[in-house]
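Asker: Take a look at the following structure, please.
The values are calculated or read from the model by the stated rules, or taken from the named source; none is laboratory data. All of these numbers come straight from a predicted model, not from anything done at the bench. We place every Cβ from the backbone using ideal geometry, glycine too, and count neighbours over all the protein chains shown.
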Amino acid sequence: MNGADGLDEAVMAGVAGEDAGEIDSFETRVLEVAQDAHGLRLDKWLAGVASEFSRSHLQGLIAQGLVRSAGRVLESASRKVAAGQRIEVELRPTAQSSAFRPEPIALSVLHEDEDILIVDKPAGMVVHPAAGNWSGTLLNALLARHPASAQLARAGIVHRLDKDTSGLMVVARTLRAQTELVRAIAAREVHREYVALVHALLPDVPPFSVEAPIGRDPVSRVKMAVVAGGKPARTDVTPLAAAVIEGRRYGAVRCRLHTGRTHQIRVHLASRGLPLVGDTVYGGRPELGLTRQALHAVRLGLVHPVSGREMVFDSRLAPDLQSAWNLIVPR
């Protein structure tokens, strides 16, 4: 999945690993299959424990005879792995794998303990390396801040925000925390609120919910859309203010996610004729001084994955969004 307004939907496979260091020309890792990964396909398991590589690349390594167990080459990508099995894989780099390196990038951190990190992501930062953004990502920053995070899938990242969405994210620092956060996200136990500036909002609109399935846009590969065969998605929307500026209607809204589909808030609001200001992908216009989508993850509530303590974090608007906000919302 690419960036998301909500939380990542993927369920991560558990793994106990060793020698999970930085990759240069090649690297050999010896990994032990965790109990909860028993019975997975070999290529799927490898994709979970070596997430810096694509599944197709790992299938190529299997075909080249670079994956072994007990001295024997494992030749079939569909072969099932067993709990406690030790598997040796010679990881040859792809053109993209050099992106998974630490970079000393400053982060705005609201909370940090032994298990989790709460980051206030700026607009313009990509969460995870991908085509066109192989450096300068949150993952690169996490690897520099906590080198041990290289042993975790996605360096502990359990959900994502789009590149141009700012605001709060929780990151795991341990496998135990990561496993529990993934479970809590899947169970919809993590509270997520966003604020957004939209086009065309009329005054005195009451709170409403958008409950409409989201899937790939049948016309554009870079877009999502409300489609009949999509995944269930629900967004609660509370209008906060409306204003007319230079003859155009704008509004400020607060959104609560109940699901975490790709581009969920952007798609749901656009489907109601309320595209985000600055979101040119879904019909918005770069106005009010904004050159990016006017969306900010303002509140994150969760139960600490280890201590069980209830935690709530709030984030201030980024300066560009605050300036536009002040034009719409009465002080």
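Asker: Within the range 227-258, track down each residue that is in contact with a Gly (Cβ under 8 Å, 6 or more places away or on another chain) and closer than 17 Å to Leu276 by Cα.
Answerer: Pro239, Leu240, Ala241, Ala242, Ala243, Leu257
Asker: Filtering the range 38-86 down to residues that are assigned to a strand (DSSP E or B) and within 29 Å of the chain's Cα centre (by Cα), which residue is surrounded by the most Cβ atoms within 10 Å (Cβ to Cβ)?
Answerer: Out of the qualifying residues, it is Arg41.
Asker: Turning to a different aspect of this structure: Given the conditions (1) aliphatic (A, V, I, L, M); (2) surrounded by 15 or more Cβ atoms within 10 Å (Cβ to Cβ); (3) in a loop (DSSP other than H, G, I, E, B), report the number of the one that Leu269 does not fulfil.
Answerer: (3)
Asker: It is to be established whether one or more residues within the range 164-177 are assigned to a strand (DSSP E or B), in contact with a His (Cβ under 7 Å, 6 or more places away or on another chain) and farther than 29 Å from Trp45 by Cβ.
Answerer: Yes: the range 164-177 contains one or more residues that are assigned to a strand (DSSP E or B), in contact with a His (Cβ under 7 Å, 6 or more places away or on another chain) and farther than 29 Å from Trp45 by Cβ.
Asker: For the range 179-204: of the residues being within 16 Å of the chain's Cα centre (by Cα) and aliphatic (A, V, I, L, M), which is surrounded by the most Cβ atoms within 10 Å (Cβ to Cβ)?
Answerer: Going through the qualifying residues, I end up with Leu181.
Asker: Can you run down the residue pairs with Cβ atoms below 8 Å, 6 or more apart or on separate chains, where the first is in the range 128-152 and assigned by TED's automatic domain parsing to the domain that holds Phe100 and touching a residue at least 24 places away in the same chain (Cβ under 8 Å) and the partner is part of a helix (DSSP H, G or I) and of a type in the set (Ser, Thr, Tyr)?
Answerer: That search, which allows pairs on different chains as well, returns Trp134/Ser98; Leu142/Ser149; Leu143/Ser149.
Matching residues to (1) touching a residue at least 40 places away in the same chain (Cβ under 8 Å); (2) within 22 Å of the chain's Cα centre (by Cα):
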{"residue": "Pro206", "(1), (2)": "no, no"}
{"residue": "Ser209", "(1), (2)": "no, no"}
{"residue": "Ala225", "(1), (2)": "yes, yes"}
{"residue": "Pro232", "(1), (2)": "no, yes"}
{"residue": "Arg248", "(1), (2)": "yes, no"}
{"residue": "Ser271", "(1), (2)": "yes, no"}
{"residue": "Leu274", "(1), (2)": "yes, no"}
{"residue": "Thr280", "(1), (2)": "no, yes"}
{"residue": "Gly289", "(1), (2)": "no, no"}
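Asker: Also, I was wondering about something else. Since Pro239 meets every condition but one in (1) over 23 Å from Val158 (Cβ atoms); (2) in contact (Cβ under 8 Å) with a residue 40 or more places away in the chain; (3) crowded, with 16+ Cβ neighbours inside 10 Å, which condition does it not meet?
Answerer: With (1) over 23 Å from Val158 (Cβ atoms); (2) in contact (Cβ under 8 Å) with a residue 40 or more places away in the chain; (3) crowded, with 16+ Cβ neighbours inside 10 Å applied to Pro239, the lone miss is (2).
Asker: Exactly one condition in (1) under 16 Å from His263 (Cα atoms); (2) assigned to a strand (DSSP E or B) is not met by Val119; state its number.
Answerer: Result: Val119 passes all but (1).
Asker: Does Ser149 count as more than 24 Å from Ile265 (Cα to Cα) and part of a helix (DSSP H, G or I)?
Answerer: yes
Asker: From the set of residues in the range 317-331 that are in contact (Cβ under 8 Å) with a residue 40 or more places away in the chain and assigned to a loop (DSSP other than H, G, I, E, B), which is surrounded by the fewest Cβ atoms within 10 Å (Cβ to Cβ)?
Answerer: So, considering only residues that are in contact (Cβ under 8 Å) with a residue 40 or more places away in the chain and assigned to a loop (DSSP other than H, G, I, E, B), the one surrounded by the fewest Cβ atoms within 10 Å (Cβ to Cβ) is Pro330.
Asker: Would you confirm, using the coordinates I've provided, whether Arg256 is of a type in the set (D, E, K, R) and in a strand (DSSP E or B)?
Answerer: yes
Asker: From the list Arg285, Arg292, Arg309, which one is surrounded by 14 or more Cβ atoms within 10 Å (Cβ to Cβ) and over 17 Å from Ile245 (Cβ atoms)?
Answerer: Step by step, each of Arg285, Arg292, Arg309 is checked, and only Arg292 is surrounded by 14 or more Cβ atoms within 10 Å (Cβ to Cβ) and over 17 Å from Ile245 (Cβ atoms).
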